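Structure first, then comments.
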Amino acid sequence: MIIVIAPENDIPNELELLKDLFESGLKYYHFRKPHKSLTEHHLFLDQIPERFYQYIVPHYYHELTPLYQLKGVHLQEQMRWDQRDNLELYTKEYQDQGFTVSSSYHHPEELEGEFVNFDYHLLSPVFSSISKKGYEGKGFDVNNISKKIVGMGGVNANTVKATLQLGYTGVGVLGGIWNSNNPLLSFQAIKEQFSHPI
């Protein structure tokens, strides 16, 4: 699986680029816009063709998921801690409706010990981040963890194979797409490397 994370701040032609990514085969778009209000989240989604809603996973305002019939919900690390006493129930409520539930981690040990049955887990930073300067990669090897783990941090077409060799079942991309000169070509190159890792 290839996950594209939204740029934190809007970029020129973002909606057009996003539609191009969906048309090119993007199946997991993590809608992470921490500075947008609920109203702004609605406005953003309303500009996306409904046929692409099935690929969108919001990080904020999870109530949007059943409302728009999105793909699922994502719990960032802080929200997972905040929900700890209610986490299993919260997760199950969405999964029982057919939505995916995922969460973010920064330490393999914490992920390995997670008792909640998330559909997949984001772990970062695998390599030094493209979008966050000074965010050094840790090269986490997860071959011995029997969970669906998506590697993030420094992922682009050049690091996909190395990420998969470390045991990840997917890659999460932010800077490798949005900081490139051509986000669509970058996605297609990542997709090609992911499809033919050997």
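A few points about this structure:
- Candidate values [x] 41, 40, 30; [y] 55, 34, 30; [z] 55, 34, 34, label of the one derived for Cα extents along the principal axes in Å: [x]
- Hydrophobic, long helices, defined as DSSP H runs whose alpha-carbon span along the helix axis is 15 Å or greater and whose mean Kyte-Doolittle value is at least -1.0, occur in the chain at 183-195.
- Lysines whose Cα lies under 21 Å from that of LYS71, excluding same-chain neighbours fewer than 8 positions away: LYS19, LYS27, LYS33, LYS36, LYS92, LYS147, LYS148, LYS191
- For the chain, the solvent-accessible area of protein heavy atoms averages 48 Å² per residue (probe radius 1.4 Å; ligands and nucleic acids excluded).
- Computed [θ] at 222 nm, deg cm²/dmol, the chain (DSSP H ≥ 4; -39,500 (n - 2.57); rounded to nearest 500): -9000 deg cm²/dmol
The values are calculated or read from the model by the stated rules, or taken from the named source; none is laboratory data. Nothing here was measured: the structure is a model prediction, and the numbers come from that model. Surface areas here come from the heavy atoms of the whole protein model, side chains and all, with no ligands, DNA or RNA. Shrake-Rupley method; radii C 1.70, N 1.55, O 1.52, S 1.80 Å.
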